[in-house]
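Reading through the structure tokens given below for one structure.
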Amino acid sequence: MGTAEHEQARGNTVLITGGAQGIGRALALRFAQEGYQVSIADTDKDAGLEVVKRIGKEGGQSLFVCTDVSNEQDVGRWVKVTAQEMGRIDALINNAGISSNGPVLELAAEAFDRVIGVNLRGTFLSSQHAARIMRRQGKGCIINISSTRALMSEADTEAYSASKGGILALTHAMAVSLGGYGIRVNAISPGWIETRDWQKSANASIPVHSERDKLQHPAGRVGHPLDIAAACLFLAGDQASFITGQNLVVDGGMTVKMIYEE
């Protein structure tokens, strides 16, 4: 982001679900570096407070609210506290996500429901509550983190894939429903993004990738959380003011490369 865009972003507020670890942590830190006030919702208190502390050390403004995004009361409290503390809501990034992979013929309905609850219901609830405030402002941006699993699959990923496919459908539906309020809604579908070194300090580790891992990607490497942060910064900015209802695949070209097992 250039100097003009940086100044434009200063004072804006972004809400990030699942913002304490992995891609969410990178989102929180990068948006803070670009001048955004950052509000993080996550279930891991230690990780969330760690991010807030780091943002504060770098001169940024942030807050953390322990939140289960599948719980409407939790979501409503988080959005209300953010609006009260930070004054406005300019962008929401629905990043929180869990998986429960296992043999499809043995997957418990409760496990399936929990994944749908966090990933899809959580996206809807957070968007609904944030959009009510954005509507009063006459402007806003929602970015939903889907996955290339919405477009292609490995075996035994039914709950996760279904939730991410639902997010894509929810994205274009909300883009149409909310467009009249000046709210843009887009999705990003990450591919293989390495997050092991973006966990809370107690769990972080240094990732190692083989040449085979790298060569699965036409870009020649595995993805990094900052790749997703860069895409989100673009979609949240005024340069993307004519983009809504879209899904941006950020996967180093992996989904367009045909791979034959030798």
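The values are calculated or read from the model by the stated rules, or taken from the named source; none is laboratory data. None of the values given here were measured: they were computed from a predicted structure. Cβ placement follows ideal geometry from the backbone for every residue including glycine, while neighbour counts extend to all protein chains displayed.
Here are the numbers for this structure:
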| read-out | value |
| --- | --- |
| Boolean, M134 is aliphatic (A, V, I, L, M) and modelled with pLDDT of 95 or more | yes |
| Of residues in the range 119-146 being surrounded by 21 or more Cβ atoms within 10 Å (Cβ to Cβ) and among the polar types (S, T, N, Q), the one nearest to the chain's Cα centre (by Cα) | N144 |
| The lone exception for Q246 - which of (1) polar (S, T, N, Q); (2) loosely packed, with under 15 Cβ neighbours inside 10 Å; (3) at pLDDT 90 or above it fails | (2) |
| Contacts under 7 angstrom Cβ, first residue in the range 106-129 being farther than 21 Å from A91 by Cβ, partner not hydroxyl-bearing (S, T, Y), 6 or more apart | L107/E158; L107/A159; A111/A159; F112/A159; V115/I98; V115/A159; I116/A159; I116/A162 |
| Contacts under 6 angstrom Cβ, first residue in the range 233-262 being touching a residue at least 24 places away in the same chain (Cβ under 8 Å) and at positive phi, partner assigned to a helix (DSSP H, G or I) and surrounded by 18 or more Cβ atoms within 10 Å (Cβ to Cβ), 6 or more apart | G245/A175 |
| Residue check, P207 of a type outside the set (A, V, I, L, M) and more than 20 Å from the chain's Cα centre (by Cα) | yes |
| Residue list for the range 152-198, restricted to those being closer than 24 Å to A219 by Cβ, without any contact (Cβ under 8 Å) to a residue 60 or more places away in the chain and part of a loop (DSSP other than H, G, I, E, B) | S153, E154, T157, E194 |
| Of residues in the range 188-234 being closer than 18 Å to D42 by Cα and of a type in the set (A, V, I, L, M, F, W, C), the one surrounded by the fewest Cβ atoms within 10 Å (Cβ to Cβ) | A202 |
| Conditions (1) within 16 Å of Q246 (Cβ to Cβ); (2) in contact with a Lys or Arg (Cβ under 8 Å, 6 or more places away or on another chain): number failed by T157 | (1) |
| Exclusive hit being not aromatic (F, W, Y) and not in a loop (DSSP other than H, G, I, E, B), set A204, A230 | A230 |
